[in-house]
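Reviewing the structure listed below.
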Amino acid sequence: MKQKVVEILQRFTTEVIEEQMIEVPTYAHLGDYALPCFPFAKKMRKSPKLIAEELAGLIQDANVERAEAVNGYVNIFMKRSGFAQSVMNTILYEANQYGSSNVGGGGVVTIDMSSPNIAKPFSMGHLRSTVIGNSIALLLEKSGFHPVKINYLGDWGTQFGKLLVAYRLWGNEKQVQESPIKTLLALYIRFHEEAERNESLNDQGRAAFKSLEDGHPEALALWKWFRTESLKEFQKIYDVLGVSFDSYKGEAYYNDKMDAIVEELQQKNLLVESDGALVVDVGEHLPPCLIKKSDGATLYATRDITAAIDRHKTHQFVKSLYVVGNEQSLHFVQLKTVLNKMGYEWADTLQHIPFGLILKDGKKLSTRKGKIVLLEEVLNEAIQLAEATIDEKNPNLMNKKEVAKAIGVGAIIFSDLKQHRKHDIEFDLKKMLQTEGETGPYVQYSYARACSILRKAGAVDEFTIEEVNDHEWEIIKCLEQFPAIVKRTATELDPSLMAKYAVELAQAFNSFYGNVQIVTQSNLMNYRVSLVQSVVIVLEESLRLLGIKAPKEM
Ligand code: ARG
């Protein structure tokens, strides 16, 4: 619609009007759109006030109700009924395809996301990576890209040598099966404690990792078993969150592919020796990128370089995203620089999507010693709290368990996505489960309320719009924004725009619901129920794009 406003305005002035000049006034009495005339004053040698008055006097268009000049702004009021009719017709016709586009042209975007570490707890950071990555994938898909979700498991590294030693010394098969992460973590912690007193443990750990890298069958079998058990436990979390992956190729997958890459680095004259280790120089301002330790062991960076090259070969991506916490920014700058130095032009399409911490009472939620926050428990608590609310408000609800899960999990996802990802977020279960304010449950309740109106109203006939009141108008303007929001989220890779949008639409709908009689005499009712139907379509799609379920009854 902004584009249309631009076209209209352009017919009446020789100055160049651009879309970003058009503002949307905060107050409805200042019009639906406004053009500030200050930028033209210098060139036109006239006061903005005068420019606005002259321009407003000229504007005439079938879509424009009136144009007014106020303090150097041209305020434009659209003809509501025609605008509303066209927005609603589009939504009702396109249904969940509303806002879809083919901007992406089918281009592949790999998304490195979630990527927890085997034998370690699934942290709050991994939760953020999972839900942010998932929403970005959905938004990209809506814009015609082909997302490939990669769970780059942390399943390789010297820590597995230590774990092997610890398990052989103190481990118990049954305990691992019953509670893999807890047990393996306890073994790992014990290893570190005992190694403080017993130096030789570290040597044993290194030797064990070496045997793993050399493919020693017994070591490999144990490692495989730890991996399978850990994955089973992670899978429970993914099931609750409703997230799936296209690939689980983790760090270990690249074990036998790194030699070739180190060789390539060598041939391209990029390796430098430093204290017996091999590094790549990445410029004066950055620490060098460590490729091989003096004992020959490879590193996190070595595996990421190898994985990036493999991903490009496999997927020919147009973009390669890494949804990983702020604290790894340096690593990704190094990664990109090394690939660039290797001559890979596509390295420029690598993009780190950083995010902040989850805090509790202002402090970092940590997984160090004793203080483990087990995500599964947090998710269950959220679901139970949601269930308690249902028992109180709507005890006869069908599928209570399923709805409670949708609300509890939705609340956590929403609170994560509603702020720009770069910010740290405060984790407050009670707050995120409230049905008022900017929460997931608030949007879900609004959606369920709209669904219940549709059930009561039954099928409605075609309608013509005679008049659009202020409450309806707010909804229409919001609905019209949806495709533009989808486009922006996909270019800015920022799900928070969609979360904020969902809240705005829910608010517009609720004030309409509270002030306007929906079920009334025929033509008006057909129109208003169809408006509710349009809201249902767009709210449901907004929630889906965030990775949140929308129960029809709550
Ligand atoms: N496993 C790592 C961690 O938990 C995250 C991996 C991120 N992805 C990557 N390609 N480096 O910190």
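Values quoted throughout were computed directly from the atomic coordinates according to the rules given, and no laboratory measurement underlies them. Quick caveat: nothing in here was measured; it's all calculated off a predicted structure. Note that we place each Cβ from the backbone using ideal geometry, even for glycine, and neighbour counts take in every protein chain shown.
Between GLN235 and GLU402, what is the label-point separation in nm under the 7 Å Cα-to-beta-carbon projection?
It is 2.3 nm.
If r is the Cβ-Cβ distance from GLU284 to SER81 and R0 is 60 Å, what FRET efficiency results, to the nearest 0.05?
0.40
What's the center-to-center distance, using Cα atoms, between region 313-334 and region 18-87 in Å?
Cα centroid to Cα centroid, the span is 44 Å.
Using alpha carbons only, how many degrees (0 to 90, rounded to 10) separate the axis of helix 470-492 from the longest principal axis of the chain?
Result, in degrees: 30.
If the reach is capped at under 29 angstrom between alpha carbons, list the lysines near LYS268, excluding any in the same chain fewer than eight residues apart.
LYS210, LYS249, LYS257, LYS292, LYS293, LYS313, LYS319, LYS336, LYS341
Could you run the Karplus curve 6.51 cos²θ - 1.76 cosθ + 1.60 with θ = phi - 60° over region 379-395 and give me ³J(HN,Hα) per residue in whole Hz, x for Gly and Pro?
Running phi through 6.51 cos²θ - 1.76 cosθ + 1.60 with θ = phi - 60° gives 4, 5, 4, 4, 5, 5, 4, 5, 5, 4, 5, 4, 4, 7, 8, 8, x Hz.
Residue farthest toward the positive end of the dipole of region 118-234, with Cβ of Lys/Arg at +1 and Asp/Glu at -1: which of SER135, ALA186, PHE160?
Of the options given, the answer is SER135.
Scan around ILE291 for amide H atoms under 5 Å from its own, H built in the peptide plane at 1.01 Å from N, and keep only partners 5 or more places away or cross-chain.
Residues meeting the criterion, in which the H sits 1.01 Å from N, are LEU278, VAL279, VAL280.
Students often forget the sequence filter, so: which aspartates and glutamates lie under 19 Å Cα-Cα from LYS430 once same-chain residues fewer than 8 apart are removed?
Qualifying aspartates and glutamates at Cα under 19 Å: ASP361, GLU376, GLU377, GLU381, GLU387, ASP391, GLU392, ASP416, GLU438.
Using the Karplus curve 6.51 cos²θ - 1.76 cosθ + 1.60 with θ = phi - 60°, work out ³J(HN,Hα) for each residue of region 421-433 in order, rounded to whole Hz, and write x for Gly and Pro.
In residue order, the calculated couplings are 4, 5, 7, 6, 10, 8, 9, 9, 3, 4, 5, 6, 8 Hz.
First measure r as the distance between the Cβ atoms of SER244 and LYS313, then evaluate 1/(1 + (r/R0)^6) with R0 = 35 Å and state the FRET efficiency to the nearest 0.05.
0.90
Could you tell me what percent of the DSSP beta bridges with both partners in the chain are antiparallel, to the nearest 5?
In the chain, approximately 55 percent of DSSP beta bridges are antiparallel ones.
Between GLU381 and ARG11, how many nm apart are label points set 7 Å from Cα along the C-beta direction?
In this crude label model, GLU381 to ARG11 measures out at 6.1 nm.
Say the dipole of the chain comes from +1 at the beta carbon of Lys and Arg and -1 at that of Asp and Glu; which of LEU493, VAL74, GLN267 then lies farthest toward its positive end?
Going by the Cα projections, it comes out as LEU493.
Assuming a viscosity of 0.692 mPa s and a temperature of 37 °C, what translational diffusion coefficient in µm² per second does Stokes-Einstein assign to region 129-203, Rh being the Kirkwood radius over Cα pairs?
Answer, rounded: 215 µm²/s.
Given Cβ point charges of +1 (Lys, Arg) and -1 (Asp, Glu) and nothing else, what value in debye, to the nearest 20, does the dipole of the chain about its Cα centre take?
In total the dipole reaches around 340 debye.
From the phi of every residue in region 244-259, what ³J(HN,Hα) in whole Hz does the Karplus formula 6.51 cos²θ - 1.76 cosθ + 1.60 yield, where θ is phi - 60° and glycine or proline is x?
Going residue by residue, I get 10, 10, 8, 8, 10, 5, x, 4, 4, 4, 8, 3, 8, 10, 7, 3 Hz, with x marking Gly and Pro.
Report, by chain and number, residues whose modeled amide H sits under 5 Å from the one on VAL74, excluding near sequence neighbours (fewer than 5 apart, same chain).
LEU35, CYS37
Convex hull volume of the Cα atoms in the chain, per residue, in Å³?
Dividing the Cα hull volume of the chain by its residue count gives 191 Å³.
Nearest 0.05, what FRET efficiency do TRP225 and GLU23 give at R0 = 56 Å with Cβ-Cβ as r?
0.35
With label points built 7 Å along Cα→Cβ from the Cα atoms of LYS43 and ASN71, find their separation and express it in nm.
Distance between label points: 2.5 nm.
For LEU357, what residues show an amide H to amide H distance below 5 Å, using hydrogens built from the backbone and excluding near sequence neighbours?
HN-HN under 5 Å from LEU357: ASP424, ILE425.
Farthest toward the dipole's positive end in the chain, which of PRO395, PHE463, GLN334, given Cβ charges of +1 (Lys, Arg) and -1 (Asp, Glu) about the Cα centre?
Positive-end residue among those listed: PRO395.
Reachable lysines from LYS4, Cα under 28 Å, same-chain residues fewer than 8 places away excluded?
LYS42, LYS43, LYS46, LYS49, LYS79, LYS142, LYS477, LYS487, LYS500
Just subtract the alpha-carbon distance of GLN328 and ALA62 from 0.36 nm times their residue separation and send over the number in nm, one decimal.
90.3 nm
Bin width 10 Å, alpha-carbon pairs only: give the P(r) of region 181-273 as whole percents, running from 0 to the bin holding the largest distance.
12, 29, 32, 22, 5
For LYS268 and LYS430, compute 0.36 nm times the residue count separating them, minus their Cα-Cα distance, and round to one decimal in nm.
52.7 nm
Per the helix-only calculation at 222 nm, which mean residue ellipticity applies to the chain, given -39500 (n - 2.57) for every DSSP H run of n ≥ 4 and division by its residues, nearest 500 deg cm²/dmol?
It comes out at -17500 deg cm²/dmol, rounded to the nearest 500.
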